[in-house]
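Single-structure report; data block below.
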Amino acid sequence: NSRFEYSVNRGLSCINCNETISDSVFYKNALEALIIAGSAPKILNNTFLENGKGIFSSDIHGGEVKGNTFDKNGSLMRVESSPPAFGANYVTPDSPGIKGIVLSNGAGENYSFAKDLSYVVDWGNYVFGENISAQKGAVFKFMPNTGLTIAGAFSSYGTPEEPVVFTS
């Protein structure tokens with residue numbers, strides 16, 4: 001229940017912490033509103049409003065990003081390596097830029113992509129490591145000159161009603 005606002009850099013950096021950050025507002029932070037790295041924090045039910053970027057995540061081992069609202073940020077979220085678990089996040093229709101979770105580098109081992117915001121590969125080749133799955137309704141979007149490499153076991157659990165979608 002905090003408010004992080006008007007930082008000329010970042011609203012909050014959570015490096016190697018396993019805390020829960022919930023029911024807070026991140027408002028008009030110039031760069032990232034929140035950086036999470038090297039840990040397993042829970043980012044739950046927050047509002048990210050008019051920041052340069054909502055969340056930057058790197059090397060997460062567990063952790064969750066669920067139930068957050070993204071409104072008019074320059075971009076929503078960038079994830080480098082080992083993404084946290086996602087679910088029930090929302091982006092307002094009038095938000096600019098890519099309306100999804102931008103993926104970089106790759107997902108390591110034993111990860112399942114849940115139905116949430118679209119997963120977007122915007123640069124290079126994204127690598128699925130060992131034992132990766134996509135749950136029904138997950139959507140992967142690929143920008144021009146990007147791709148996907150499956151370097152281990154991959155399972156897709158789409159249904160006719162809620163397929164796993166790979167698109168541009």
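Values as computed for the structure displayed
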item	result
Selection count, the stretch 1-11, where residues are buried (at least 18 other Cβ atoms within 10 Å of the Cβ) and modelled with pLDDT of 95 or more	3
Unique residue being small (Gly, Ala, Ser) and in contact with a Lys or Arg (Cβ under 6 Å, 6 or more places away or on another chain) when the list is Gly63, Gly11, Gly87	Gly87
Members of the stretch 117-145 that are on the phi > 0 side of the Ramachandran plot and among the small types (Gly, Ala, Ser)	Gly124, Gly137
Condition check for Glu130: open to solvent by 60 Å² or more (accessible area, probe 1.4 Å), out of contact with any Ser or Thr (no Cβ under 8 Å at 6 or more places or on another chain) and part of a loop (DSSP other than H, G, I, E, B)	yes
Residue within the stretch 13-29 that is surrounded by fewer than 16 Cβ atoms within 10 Å (Cβ to Cβ) and closer than 23 Å to Phe142 by Cα present	no
Unmet criterion (only one of (1) open to solvent by 30 Å² or more (accessible area, probe 1.4 Å); (2) over 14 Å from Ile101 (Cα atoms); (3) of a type in the set (Gly, Ala, Ser)) for Ser39	(1)
Qualifying positions in the stretch 59-79 - among the β-branched types (Val, Ile, Thr) and either open to solvent by 10 Å² or more (accessible area, probe 1.4 Å) or part of a strand (DSSP E or B) (or both)	Val65, Thr69, Val79
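To keep it simple, each residue is scored yes or no on (1) without any contact (Cβ under 8 Å) to a residue 12 or more places away in the chain; (2) of a type in the set (S, T, N, Q); (3) part of a loop (DSSP other than H, G, I, E, B).
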{"residue": "Ala33", "(1), (2), (3)": "no, no, no"}
{"residue": "Ile36", "(1), (2), (3)": "no, no, no"}
{"residue": "Ala40", "(1), (2), (3)": "no, no, yes"}
{"residue": "Ser57", "(1), (2), (3)": "no, yes, no"}
{"residue": "Ile98", "(1), (2), (3)": "no, no, yes"}
{"residue": "Leu103", "(1), (2), (3)": "no, no, no"}
{"residue": "Asp116", "(1), (2), (3)": "no, no, yes"}
{"residue": "Tyr126", "(1), (2), (3)": "no, no, no"}
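The values are calculated or read from the model by the stated rules, or taken from the named source; none is laboratory data. All of these numbers come straight from a predicted model, not from anything done at the bench. Because the Cβ atoms are built from the backbone with ideal geometry, glycine has one as well, and the counts that use them run over all protein chains shown. Side chains are part of the model used for accessible areas, which takes the heavy atoms of the whole protein and leaves out ligands, DNA and RNA. Shrake-Rupley method; radii C 1.70, N 1.55, O 1.52, S 1.80 Å.
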